[in-house]
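Just so it is clear, none of the values below were taken in a lab; they were calculated from the coordinates. Predicted, not measured: the structure shown is a model, and the values here were computed from it. No Cβ is skipped: glycine too gets one built from the backbone with ideal geometry, and neighbour counts run over all protein chains shown.
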Amino acid sequence: MNPTIHNQLKNHFPAASLFAIVARVKVEASTSELRDRLIQLSSNLISNYTLENFREQENIKVSREAFKIFGRDPNRYMVSSEALYKRILQKKDLYYINNVIEINNFLSLKSGLSFGSYNLDNIKGEINYRIGSSGETLDGIGKGKIPLECLPVLCDEISPFGSPTSDSRRAMIDLPCENVLMIAYCFQANYNFTEIIEDAKSLLSKYASATEVKIL
C-alpha cells in the first residue's frame, strides 16, 4: 500500500515526495469546534497574505514551478492548496463536507501543501505516483473529466484516482467510508513532515475517532 514514486516523475522533478497516512475512521458531519478552527486559520491567512502575494507561500510557489516543469499551466491546473488560499482571500466561504475533508483542508491551509483524502476500500492493488499519459482522464469531484497528460497523478491497478489538483469521484470520502488514505503532495526539497504528521494524527484522532493509524 505504500505509494511508489515512479522514476519518470522523479526525473522530471527530483524533489517530489509524498506523506501518506492510513486510518480507520468514523466519517460524519464536522463539529462546530473543527469548523471554528478552520475559520480561525482562514482569518490568520487573510491577515498574512493578499491575492497579490499568496503565491509566494513556499509550498504553493514550488508546486507551481513543478507544474511548469511537467508541462502544465499552473494557472489553469491550480494545485488544490492554492485554490483553497485563493478562495479564502477572495472572502468566499469554504465548503463543509464532512469531518475528514475538513481535516484535509485544515492541514492543506496550515502547510500550503496539496492534500488528498481517499476511500481506501475503493482503491485496489499497489499505488503508483507518476506522470499522466496522453488520453488519460480523471472523473473529478464536481469538475467532470480532467485530462491528466503531464500532470502528477496517483494510480491504483484500476485507474488514476488522485492528483495535487483534483481527486476522483471513485475514491472520494463519503458514507459509508471507514478506511481513509490521506496524502500530502510535496515538491519542496528536504521538506520536514514532522509537524504536519503530528497534526494529522491528532486531528484524525480527535475529530474522526481514528484508530489503526499508520504512517506510510
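Taking the Cα centroid of segment 37-75 and of segment 134-206, what is the distance between the two, rounded to the nearest whole Å?
Rounded to whole Å, the Cα centres lie 18 Å apart.
Loop only by DSSP, 15 or fewer other Cβ within 10 Å of the Cβ. Give me the GluC sites (Glu not before Pro) in segment 55-135 that pass, ordered by residue number. Don't skip to the end; give the middle numbers.
Working: sites: 56, 58, 65, 82, 102, 126; in loops: 126.
Here the GluC sites (Glu not before Pro) that fit, given the DSSP loop and packing criteria, are 126.
Taking the Cα-to-Cβ direction at residue 93 and at residue 44 and moving 7 Å from each Cα, how far apart do the two end points lie in nm?
2.3
Could I have the simple spin-label model distance between residue 206 and residue 58, label points 7 Å from Cα toward Cβ, reported in nm to one decimal?
Inter-label distance under the simple model: 2.4 nm.
Among the DSSP beta bridges whose two residues both lie in the chain, what percent are antiparallel, rounded to the nearest 5?
Numbers: 29 of 32 bridges.
Roughly 90 percent of the DSSP beta bridges within the chain come out antiparallel.
How many percent of Cα pairs in segment 102-159 exceed 15 Å?
Values: 1002 of 1653 pairs.
Within segment 102-159, distances greater than 15 Å cover 61 percent of Cα pairs.
Please list, short to long, the whole-number percent of alpha-carbon pairs of segment 10-108 in consecutive 10 angstrom bins beginning at zero.
13, 40, 33, 14, 0
Which residues' amide hydrogens lie under 5 Å from the amide hydrogen of residue 114, considering only partners 5 or more residues apart or on another chain, with H built in the peptide plane?
81, 185
Give me log10 I(q)/I(0) at q = 0.18 Å⁻¹ for segment 87-193, Debye formula, one equal scatterer per alpha-carbon, no solvent.
Results for segment 87-193 at q = 0.18 Å⁻¹ read -0.96.
Sorted from largest down, give the three principal axis spans of the alpha carbons of the chain, whole angstrom values.
Answer, in whole Å and largest first: 44, 41, 34 Å.
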